[in-house]
Amino acid sequence: MLEFEDRFRTEDACRAYLAQLRWPQGFRCSRCGHSRAWRTSRHLWQCCACSHEVSVTAGTVFHRSQLPLRVWFQAIWWVTNQKSGVSALGLQRTLGLSRYETAWAILHKLRWAMTRPGREPLTEEVEVDEIYLGGVEPGGGKRHLGRTKALVAAAAEVQGGGIGRIHLRRIPDASAESLVGFV
Ligand SMILES: [Zn+2]
């Protein structure tokens with residue numbers, strides 16, 4: 001937490017981080033390929049050769065947001081450090097936001113950003129399991145699927161000691177046919 005706060009203390013620090021993600025080998029103009037840029041007063045990068053202007057937030061969830069990047073970064077830090085789910089109310093309290101709607105909108109955008117539009121298959125080593133979601137119903141055991149329970153198949157990329165991307169899908173039952181279909 002301290003390291004995070006230290007590193008992203010200012011808007012400039014956040015922008016520098018985004019620039020590094022966008023251009024790991026240094027600036028490269030998307031129009032002419034030139035490798036030098038001026039920084040403009042509006043925090044844009046302007047190509048020294050063709051004057052093309054680029055914002056480091058273009059094409060990201062932060063683009064045209066009224067919120068400081070620091071708030072976005074803190075929200076991402078919080079969301080990715082919660083072990084058991086996140087809520088807009090929790091985010092609002094953590095960031096000290098005055099409006100619930102702001103926290104809700106941030107979460108909505110982050111969830112959207114975490115789902116890849118292409119949905120490429122998971123790669124390398126992948127673990128698959130099924131999970132029963134919902135409480136135990138009267139007259140039914142742990143594996144009884146009634147009206148309030150769902151069976152969800154989950155696949156996760158193994159990345160060292162942690163997990164990478166995941167795919168989830170509701171399946172009708174735990175039969176080999178349903179599971180193999182998901183896999
Ligand atoms: Zn250029």
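The values are calculated or read from the model by the stated rules, or taken from the named source; none is laboratory data. Just so it is clear, the model here is predicted, and its values are computed rather than measured. Don't worry about glycine lacking a Cβ; one is built from the backbone with ideal geometry, like all the others, and counts go over all protein chains shown. Keep in mind that these areas ignore ligands, DNA and RNA; they rest on the heavy atoms of the full protein, side chains included. Shrake-Rupley method; radii C 1.70, N 1.55, O 1.52, S 1.80 Å.
Summed over the stretch 33-44, residues that are farther than 19 Å from residue 68 by Cβ and either surrounded by 13 or more Cβ atoms within 10 Å (Cβ to Cβ) or touching a Phe, Trp or Tyr at 6+ places or on another chain (Cβ under 8 Å) (or both) total 5. Against the conditions (1) in contact (Cβ under 8 Å) with a residue 24 or more places away in the chain; (2) more than 18 Å from the chain's Cα centre (by Cα); (3) surrounded by fewer than 15 Cβ atoms within 10 Å (Cβ to Cβ), residue 68 satisfies every one except (2).
Within the stretch 12-58, if we keep just the residues that are within 23 Å of the chain's Cα centre (by Cα) and assigned to a loop (DSSP other than H, G, I, E, B), the residue that is nearest to the ligand (Cβ to nearest atom) turns out to be 23.
When residue 62 is tested against (1) assigned to a loop (DSSP other than H, G, I, E, B); (2) open to solvent by 40 Å² or more (accessible area, probe 1.4 Å); (3) away from the ligand (no atom under 16 Å from the Cβ), just one condition goes unmet, and that condition is (2).
Table: residues versus (1) outside any loop (DSSP other than H, G, I, E, B); (2) open to solvent by less than 50 Å² (accessible area, probe 1.4 Å); (3) of a type in the set (S, T, N, Q); (4) at pLDDT below 85.
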| site | (1), (2), (3), (4) |
| --- | --- |
| 116 | no, no, no, yes |
| 122 | no, yes, no, no |
| 127 | yes, no, no, no |
| 132 | yes, no, no, no |
| 139 | no, no, no, yes |
| 169 | yes, no, no, no |
| 179 | yes, yes, no, no |
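On the stretch given as the stretch 9-29, residues that are over 20 Å from residue 73 (Cβ atoms) and surrounded by 13 or more Cβ atoms within 10 Å (Cβ to Cβ) total 3.
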